[in-house]
Amino acid sequence: MASQVDYISEQPKETRQPQVAPVVEGEVDEFEEFGDGRVSLPTWATVKHKLTTREGWLGDYDFGYLCLPQLPCSFGRGKKEVRNARFYGLDESMPLLLALVCGLQHALAMLAGLITPPIIFAGQLGFDGGRQNQMVAVSLIASGFLSMIQMTRMPIPFTRKKYWLGTGLITVVGTSFATLSTASAIFAALYADGTCPSSVVNGVTVRGACPEAYGMLLGTSCLCSLLPMAMSFVPPRILKRIFPPVVTGTVVLLIGAKLVGESGALNWMGGSGACRSRPETGLFAMCPSINAPHPLPWGSAEFLGLGFLSFMTIILVEFVGSPAMRSASIILGLAVGCLVAGPLGYIDSTSIRTAPAITFLWVETFPLKIYGPAVLPMLAVYISLAMEAIGDVTASSEASRQPVKGALFDSRIQGGVLTDGLNGLLSGLAMNAPVSIFAQNNGVISVTRCANRFAGYFCACFLILFGILAKISGVFLAIPNSVLGGVTTFLFASVAVSGLKILSTAAFTRRDRIVLAAALSFGLTTMLVKDWTSYIFTYSGDNAALKGFMNSLIIILSTPFLIAGIIASLLNATLPAEVDEREQHPPLLDDDAADSLELGHRASLSGSGKGRAVEEDDKVI
């Protein structure tokens, strides 16, 4: 094996030396141990080998592990076969076919999350099918291009590698769920003050199309995206102290809970539009309307059954599905629901027939404007997105077997938050709502055992392709509300579970419990008693500035995760901790505390052979 060739450089593996970027005289290279994580372009020899040899296409990967179902119980011998495939690291050479398959898995895992926000936005603003189709396509295309920016890690010029752009990991971004509830409050305010048209039909308020409202959301988002860019230059350790798990976990938990109640569950029962109030007559006496192929009253058992079928498909795939199927379980749930709904007449194919063959960005544009009352709420949204980005980059680093401590990790956090803000600006200019780093790809990395950036680039290319082929967007728009609701309810509940996972890392001292209880008091009140703010801020004078400020307060107070996040942040910054709590409950996420605990544990073992062995191992390392 001494003559084995590494096709990345065509040098023997034993003699190949790592290439280290030149260091300016007098500068300390903080990335000496793990490298700086930059992308290195393949040589022509590597490209030729990948395209022309069987090893370049297939390698020695166990595709059976990826594609064959895993039975929950064994048959025959009474033992279940355990299969483990090879793990492909960040920059490791991998087979071309595997990169294609894993990239497709990442794209499929993202699809449901990418198509849901634009569909919800379009429904809230009364857009027609053509505009809805374009919004879904733009969401896919923008997510593909912006994901490439995150995955391509590069130093900012003239900063001597102190500041970076991008994470350098498989970091896939998509239209953010966190914007949905805030956008809903913004749209409601614009319809209430007459900026957007609405009418009352048979006692039901019907919203007219309002592209101006979407343009205000996009314009305000572009302005507020400057905040996370500025936050990225604050050391990550300080950001974690300002926004500990008790704050960020509360925000993520309430985001998921509100989305379940205002979108997922309502669509599961037939729709979240005007048909939800079950009027006796009129266009919306049935869901989604009386003109649908198979209309039914909101909450009908048929709707419940279709959504439950999609929901249970996701659970069943977790029992018997292969790793490839499990990473695409959301799409499989939609597919099974549609396969049953189609023959029963629930699918309207108009969106597929009317969709163009191809489309791209800026086919449909919106007037970008800054809506003053939405600035404060959108700033709060971007703060929560920055905190979410920190957690997602940490999870991606762990799944990719990269360090989660030290200069390289801190620079990934800084680069991820900076690019998250930049992507928010670029997304708004591309006529798409704010984007954020998605967590779905972390599970795909763990399941497929592939953390290679090569697969990440294929994922981005698939997303762009899906967006350009507009018929695919039409297929997603044809999915019945109940099928989509059954899947998105599971998806949104997963967001809430992510919040619980973050909260589980808190120390839960008496101080943490008070912060959490106070934040949830306001958050749950706003979620369960939705109209309480309408009786407080009722100013109707001529002072436009005061009226705009009142509208800002209404938007914040009517968005559960915003008011809860503000309360939690304020209390966390001001509420003193008791002395005994500081001594007995060191913060679990404090690196210095963790190191102290670990050293103390080793010291307690120093008198035993095991302790001496640990110390000797540390010396060797």
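Between Phe63 and Arg38, what's the calculated FRET efficiency when r is the beta-carbon distance and R0 is 30 Å? Round to 0.05. Spell out each step's value before the answer.
On the way: r = 30 Å, r/R0 = 1.02.
Calculated transfer efficiency: 0.50.
Could you state the number of Å between the C-alpha centres of region 352-399 and region 437-468?
18 Å
Want the number for Phe158 to Thr350: 0.36 nm per residue separation, take away the alpha-carbon distance, what's left?
That pair, Phe158 and Thr350, stretches by 63.7 nm at full extension.
Can you sort Asp91, Asp128, Asp420 from fewest to most other Cβ atoms within 10 Å of each residue's own Cβ? Numbers along the way, then the final one.
Details: Asp91 17, Asp128 11, Asp420 32.
So the residues, fewest neighbours to most, are Asp128, Asp91, Asp420.
Would you kindly work out the equivalent ellipsoid of region 267-322 from its C-alpha gyration tensor and give its semi-axes, the square roots of five times the eigenvalues, largest first in whole Å? Mind dumping the intermediate values first?
Working: eigenvalues 173, 16, 12 Å².
Three semi-axes, in Å: 29, 9, 8.
Rank these for me by crowding, Trp44, Trp298, Trp362, going from fewest to most other beta carbons within 10 Å.
Numbers: Trp44 8, Trp298 23, Trp362 11.
Ascending Cβ contact count within 10 Å gives the list Trp44, Trp362, Trp298.
Which pairs, out of Lys258/Lys547; Lys240/Lys501; Lys50/Lys161; Lys240/Lys405, put more than 21 Å between their alpha-carbon atoms?
On the way: Lys258/Lys547 27 Å; Lys240/Lys501 16 Å; Lys50/Lys161 32 Å; Lys240/Lys405 13 Å.
From Lys258/Lys547; Lys240/Lys501; Lys50/Lys161; Lys240/Lys405, over 21 Å: Lys258/Lys547; Lys50/Lys161.
How large is the dipole of region 106-253 about the Cα centre if only Lys and Arg carry +1 and Asp and Glu carry -1, each at its Cβ, rounded to the nearest 20 debye? If you can, show how the numbers build up before the last one.
Numbers: 9 positive and 3 negative charges, 190 e Å.
The dipole of region 106-253 has a size of about 920 debye.
Fewest to most neighbouring Cβ within 10 Å: what's the order for Thr559, Thr365? If you can, show how the numbers build up before the last one.
Numbers: Thr559 28, Thr365 12.
Ascending number of Cβ neighbours within 10 Å: Thr365, Thr559.
Are there GluC sites (Glu not before Pro) in region 325-427 that DSSP puts in a loop and that have at most 15 other Cβ atoms within 10 Å, and which ones?
Details: sites: Glu364, Glu388, Glu398; in loops: Glu364.
The qualifying sites: there are none.
No value in this document is a laboratory result; all are computed from the given coordinates. In this text the structure is predicted, and so the values were computed from the model without any measurement. As a convention, Cβ positions derive from the backbone with ideal geometry for all residues, glycine included, and neighbour counts pool all protein chains shown.
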